[in-house]
Structures are given as C-alpha cells and as structure tokens.
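Participant: Could you have a look at this structure, given as structure tokens, before my questions?
The values are calculated or read from the model by the stated rules, or taken from the named source; none is laboratory data. Since the model is a prediction, treat every value here as computed from it, not as a measurement. Methodologically, a virtual Cβ is constructed for each residue, glycine included, from the backbone with ideal geometry; neighbour enumeration extends over all protein chains shown. What goes into the accessible areas is simple: the full protein's heavy atoms, side chains included, and nothing from ligands, DNA or RNA. Shrake-Rupley method; radii C 1.70, N 1.55, O 1.52, S 1.80 Å.
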Amino acid sequence: MPLLGLLPWRAWAALLSQLLRPPCASCTGAVRCQSQVAEAVLTSQLKAHQEKPNFIIKIPKGTRDLSPQHMVVREKILDLVISCFKRHGAKGMDTPAFELKEILTEKYGEDSGLMYDLKDQGGELLSLRYDLTVPFARYLAMNKVKKMKRYHVGKVWRRESPTIVQGRYREFCQCDFDIAGQFDPMIPDAECLKIMCEILSGLQLGDFLIKVNDRRIVDGMFAACGVPESKFRAICSSIDKLDKMAWKDVRHEMVAKKGLAPEVADRIGDYVQCHGGVSLVEQMFQDPRLSQNKQALEGLGDLKLLFEYLTLFGIAEKISFDLSLARGLDYYTGVIYEAVLLQTPTQAGEEPLNVGSVAAGGRYDGLVGMFDPKGHKVPCVGLSIGVERIFYIVEQRMKTKGEKVRTTETQVFVATPQKNFLQERLKLITELWDAGIKAEMLYKNNPKLLTQLHYCESTGIPLVVIIGEQELKEGVIKIRSVASREEVAIKRENLVAEIQNRLSES
C-alpha cells in the first residue's frame, strides 16, 4: 500500500479506526477488500486536508470574479463592441482555449516566456492561448481559407506580473476584428482604424488618440541608425516600452542590456521623439537617412495613402503618426496602431486613471504562411479592443458617481395579497413567459404582499400584476406601477396586450 507513506501523522488515527471496522460481507476473515482500504485511505487524506489551519479560500493572482453588477456593465460594453463589428460585416468564430505549444512559440518575441504551458496529459505539449490572432492564423491555414472578415471574443492568458489597479490581469478578455485576404493597399487598414474610432467614441470614455506607424519604417529607422539586423526585434521590444518608461530608461536597456552602441541609441532617440500628422509623413520622405532606405519608403508611401482614406472617413484628426510606436509582437509586418486615452483634468473625488492603451492592432501578412506547408501567405490586418482596461475605467467612474446597476431585466412581478393562490400565480406567470415577457414571482406558497412589493422596489421591477379572490371572481387582474404606486384593473384576456403596450412606452 504505497499510499500509506504519503499520509501525514495526524491521518494515521483516522485510518486505523477505518481499518478496524468489521470487514464487509464479501470479505473473509481479517482480509480487507481493496475498496474498503482505498476508502479508508481517501477518508484519511480528506480529513488531513480539512485540518490544515492555514487554508485560505482565494482566487489566483491576476484573476477576478465578476459579480452580477460587473456582468451588467461588461455585457453593455461587449454588446456595443460586437454590434460595431457586425455593422462592418464581420462573422463570429471561436477557437480552443489551448493550442499545441509549437503553434504559439516564436510568434511573440520576448513575450513568448509569458505563455502558460499545460502539463502533458496525453502526448501533446499544450499552451493556453496568448492572444486571438495566432489561433486565427492557424485556423486560416488549416482550413485553406483565403478571405475572411471575422470577430472573436474570448479569454486569453499571460503569465506576467499583474497590475490590478490599472486593469491588467493574467486572465483577460479580448475582442478582435480581422480582415484576411488580398485587397488593394490600405483600404482594410483604414476600416480597422474607423472601427476603433467608432467603438471608443460610442463608449464615451473621453478624448482619445490613435498612434500609427509602420513596421517597415521602424526597421528602416533601425537600419539607417546603424542597428545590426540581428538586434532589430530585441531593440523593437525596448522601443515598445516607451509608453511605460522614460526614454533614458529605454536607452539604458538598449545599451547596457542589449549591447547597442550609445551613438546608435542616440540616433534612434532623435526619431522616436517625432509625432504628427500627414505633414510628418511628408517630412520623413525628405529625411536624409530614411529616404535612402527602401523599406522605410514603402512604409511611408502606405501611410500617406492611409491618411487620405482616414480623411475621407472623417477621423484623420484622431490619428497621429508616431515614430515611437513599435508594437513588440514579432508577427507584425506593416501598419501598426495603438489607441490611448488622453488625460483630462480629474473631477472632484476622482483619481487619475493610467491604464495605457485601450485598443491596438496592425498588419501581419506573413503569419498565416508560417502554418502553411507550402508557405502560402494570406495578408491580414486587425485590431483588438482592451475590454478589461475599458471595464476598469467605466467601473471607477461609476463608483465615483455612485451609480447603481440593475442586475436583472425582469419586467413584471406576479403577486397576490392572499393565501392559497400559488396555483393561480403559476398559471399567470406561465401566460406571461409564453408571451415573451420577463417575469418573476417569490418561491413561497403564501408570501406577504408587503414583502413582494418591497422586492420589486429593491430590484427595480417596473410593474406588478396582482391576483386575489376579488380579481379572480371578476375576471380581472390589477396592474400596479411600482414607481407611482398607481393600480388599474384590466380584463384577464387583455393583460398581455396591456403589459406589452406599457413596456413599449417606457
């Protein structure tokens, strides 16, 4: 019995008492059946576990429970986001929460170390998905899909130090929109930026700015400044931290930790301070270093075309060409963008919110080809909405304003002032449910009328229908407005129509 060696000493007494029980009917003599011994061991282990004095019920770091109040707010945010995706013609889809580890590795640069690996359960090395983009690319390659406009809402996992106070978690929800297929330059890219603007404007989070750049401009800038090609991705990852770190700290990381020559870092510093509109794009065409780099010129040409489309969409004033934007993920190949909220003066009682970017994305033309046996590419561009950070902002503002959230959508409550009317209430509520009306009643045979009315007031139910002996005798039902406390008698056969009419007017 190897299990016995694993038992703590406190469990031995419980185990001994189990084993001294009389043998079961199928056993002979003092020989115990295996099931009886196994039961004894299991019981002893359970008791030992229950006796642990330091056991604390908690959730893992970087995760959170969502209360009914939280879910109401979250669903409103998601409804707005998804309705925008659908308005632009996207189809919904889903992928497994975990993928083969080899599918995910070497797609995220330095961030690959943040993936959650799962214990081998059956000959496959698996990891929880890090984002929704790589699984989408795998789906396209596996199913030989060449053209698709899709949205995907789902959880992803990243093993990083969580910053809960800024809406950063290890487990969080992403809302992605992507356009896959070969199209004329910058038209899908411009639509992605338009979608971003529509969602952020619709959520009424305040003023925002979308920074744009191009990976070809970033790589061209590195080459023109003298960065060795072997260090491009590592230096790109450092530049990507400029939204969280000061330039001097980023410069120190590039020089001291990544071995970049100080004069090369200083040349990069001259560029990453630059941001502006289409005029900056024109200016970079004349830059003595960038104008000599073919990659950079291609990127600048596409950005110029992009700004033309953004002007036609009426959103050019929300877009800033920002040379400090790098987007550290390895799979980006063209235009990249990131939306940030602009700090506004805080109102009385509000704390300044610093949540970083609330949406981001870009073009990744080579990712699908990594999964295709013949290397066939499917150009893609997309965006991701940072739901957790947006939710954090909305939640903080609601706390400050003291806003209350109604957690149910119940429209009508079925009540009675008398005893022994459960059957009539059940008949009445069935009639309402069958008509598509959201209705509730108390799960008691004889509830007090005051208790029922108080429940309606506390949960925000607008209407009460009341049935009693008098109403049953006269063939009517009373409808009570919870807000005004006015009551009116309606013929039973007209009840559903009357309720629907009232609800449509509210």
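Participant: What about residue 195, is it open to solvent by 10 Å² or more (accessible area, probe 1.4 Å) and at pLDDT 95 or above? If you could, list the steps in order and put the result at the bottom.
Facilitator: Numbers: open to solvent by 10 Å² or more (accessible area, probe 1.4 Å): no; at pLDDT 95 or above: yes.
It is false that residue 195 is open to solvent by 10 Å² or more (accessible area, probe 1.4 Å) and at pLDDT 95 or above.
Participant: On the given criteria, is residue 257 at pLDDT below 90 and either surrounded by fewer than 17 Cβ atoms within 10 Å (Cβ to Cβ) or not assigned by the TED database to the domain that holds residue 327 (or both)? Can you show your working first?
Facilitator: On the way: at pLDDT below 90: no; either surrounded by fewer than 17 Cβ atoms within 10 Å (Cβ to Cβ) or not assigned by the TED database to the domain that holds residue 327 (or both): yes.
When the stated conditions are applied, residue 257 does not pass them.
Participant: Could you tell me which of the residues 129, 138, 150 is in the same structural domain as residue 236 (by the TED database) and in contact with a Pro (Cβ under 6 Å, 6 or more places away or on another chain)? It would help to see each step written out before you state the result.
Facilitator: On the way: 138 fails: in contact with a Pro (Cβ under 6 Å, 6 or more places away or on another chain); 150 fails: in contact with a Pro (Cβ under 6 Å, 6 or more places away or on another chain).
After ruling out the rest, the residue left standing is 129.
Participant: Turning to a different aspect of this structure: Output the residues belonging to the range 68-83 that are open to solvent by less than 70 Å² (accessible area, probe 1.4 Å) and without any contact (Cβ under 8 Å) to a residue 24 or more places away in the chain.
Facilitator: Of the range 68-83, the ones open to solvent by less than 70 Å² (accessible area, probe 1.4 Å) are 70-74, 77-78, 80-83.
The answer is 83, and nothing else.
Participant: Moving on. List, please: which pairs have Cβ atoms under 6 Å, are six or more places apart or on different chains, and start with a residue in the range 282-303 that is assigned to a helix (DSSP H, G or I) and end with one that is of a type in the set (Phe, Trp, Tyr)?
Facilitator: Correct list of pairs: 300/285.
Participant: Among residues belonging to the range 467-494 that are under 18 Å from residue 438 (Cβ atoms) and among the hydrophobic types (A, V, I, L, M, F, W, C), point out the one that is farthest from the chain's Cα centre (by Cα).
Facilitator: Let us first name the residues in the range 467-494 that are under 18 Å from residue 438 (Cβ atoms), namely 477, 479-483.
Narrowing further to those that are among the hydrophobic types (A, V, I, L, M, F, W, C): 477, 479, 482-483.
On the way: 477: 45, 479: 42, 482: 37, 483: 36 Å.
Looking at residues that are under 18 Å from residue 438 (Cβ atoms) and among the hydrophobic types (A, V, I, L, M, F, W, C), I get 477.
Participant: Shifting gears a bit: Do we have residue 141 as surrounded by fewer than 23 Cβ atoms within 10 Å (Cβ to Cβ), assigned to a helix (DSSP H, G or I) and in contact with a Phe, Trp or Tyr (Cβ under 9 Å, 6 or more places away or on another chain) here? Give the derivation first.
Facilitator: Details: surrounded by fewer than 23 Cβ atoms within 10 Å (Cβ to Cβ): yes; assigned to a helix (DSSP H, G or I): yes; in contact with a Phe, Trp or Tyr (Cβ under 9 Å, 6 or more places away or on another chain): yes.
When the stated conditions are applied, residue 141 passes them.
Participant: Does the range 146-157 include one or more residues that are touching a Leu at 6+ places or on another chain (Cβ under 9 Å), open to solvent by less than 10 Å² (accessible area, probe 1.4 Å) and within 24 Å of residue 373 (Cα to Cα)?
Facilitator: So far as the range 146-157 goes, no, none of its residues is touching a Leu at 6+ places or on another chain (Cβ under 9 Å), open to solvent by less than 10 Å² (accessible area, probe 1.4 Å) and within 24 Å of residue 373 (Cα to Cα).
Residues checked against (1) of a type in the set (A, V, I, L, M, F, W, C); (2) open to solvent by 20 Å² or more (accessible area, probe 1.4 Å); (3) part of a helix (DSSP H, G or I):
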residue: 212; (1), (2), (3): yes, no, no
residue: 217; (1), (2), (3): yes, no, yes
residue: 224; (1), (2), (3): yes, yes, yes
residue: 227; (1), (2), (3): yes, no, no
residue: 249; (1), (2), (3): no, yes, yes
residue: 263; (1), (2), (3): no, yes, yes
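Participant: Please find, within the range 333-356, the residue that is modelled with the lowest pLDDT out of those that are open to solvent by less than 20 Å² (accessible area, probe 1.4 Å) and either more than 22 Å from residue 268 (Cα to Cα) or in contact with a Phe, Trp or Tyr (Cβ under 9 Å, 6 or more places away or on another chain) (or both). Break it down stepwise before answering.
Facilitator: Taking the range 333-356 first, the residues open to solvent by less than 20 Å² (accessible area, probe 1.4 Å) are 334-339, 355.
From what is left, the residues that are either more than 22 Å from residue 268 (Cα to Cα) or in contact with a Phe, Trp or Tyr (Cβ under 9 Å, 6 or more places away or on another chain) (or both) are 334, 339, 355.
Details: 334: 95, 339: 96, 355: 63.
Checked the range 333-356; the qualifying residue modelled with the lowest pLDDT is 355.
Participant: With respect to residue 196, determine if the residue is out of contact with any helix residue (DSSP H, G or I) (no Cβ under 7 Å at 6 or more places or on another chain), part of a helix (DSSP H, G or I), within 30 Å of residue 315 (Cβ to Cβ) and not hydroxyl-bearing (Ser, Thr, Tyr).
Facilitator: Numbers: out of contact with any helix residue (DSSP H, G or I) (no Cβ under 7 Å at 6 or more places or on another chain): yes; part of a helix (DSSP H, G or I): yes; within 30 Å of residue 315 (Cβ to Cβ): yes; not hydroxyl-bearing (Ser, Thr, Tyr): yes.
Criteria met by residue 196.
Participant: Same structure again: Quick check on the range 305-316. Is at least one of its residues in contact with an Asp or Glu (Cβ under 8 Å, 6 or more places away or on another chain) and among the polar types (S, T, N, Q)?
Facilitator: No.
Participant: Within the range 229-247, take every residue that is closer than 18 Å to residue 108 by Cβ and hydroxyl-bearing (Ser, Thr, Tyr) and give me the one that is surrounded by the fewest Cβ atoms within 10 Å (Cβ to Cβ).
Facilitator: Result: 237.
Participant: Kindly check whether there is at least one residue in the range 91-104 that is free of Cβ contacts under 8 Å to residues at least 40 places away in the same chain, on the phi < 0 side of the Ramachandran plot, among the aliphatic types (A, V, I, L, M) and open to solvent by 90 Å² or more (accessible area, probe 1.4 Å). Steps first, please.
Facilitator: Residues of the range 91-104 free of Cβ contacts under 8 Å to residues at least 40 places away in the same chain: 96, 98-102, 104.
Now restrict to residues that are on the phi < 0 side of the Ramachandran plot: 96, 98-102, 104.
Add one more test, that the residue is among the aliphatic types (A, V, I, L, M), and what stays is 100, 104.
So of that shortlist, the ones also open to solvent by 90 Å² or more (accessible area, probe 1.4 Å) come out as none.
There is no residue in the range 91-104 that is free of Cβ contacts under 8 Å to residues at least 40 places away in the same chain, on the phi < 0 side of the Ramachandran plot, among the aliphatic types (A, V, I, L, M) and open to solvent by 90 Å² or more (accessible area, probe 1.4 Å).
Participant: Could you tell me how many of the residues in the range 114-128 are touching a residue at least 24 places away in the same chain (Cβ under 8 Å) and among the small types (Gly, Ala, Ser)? Before you say what the answer is, go through the steps one by one.
Facilitator: We begin by selecting, within the range 114-128, every residue touching a residue at least 24 places away in the same chain (Cβ under 8 Å); these are 114-116, 124-128.
From what is left, the residues that are among the small types (Gly, Ala, Ser) are 127.
The number of residues fulfilling the criteria is 1.
Participant: Answer with yes or no whether residue 438 is in contact (Cβ under 8 Å) with a residue 24 or more places away in the chain and in contact with a Ser or Thr (Cβ under 7 Å, 6 or more places away or on another chain). Outline the logic, then answer.
Facilitator: Working: in contact (Cβ under 8 Å) with a residue 24 or more places away in the chain: yes; in contact with a Ser or Thr (Cβ under 7 Å, 6 or more places away or on another chain): yes.
Yes: the conditions hold for residue 438.
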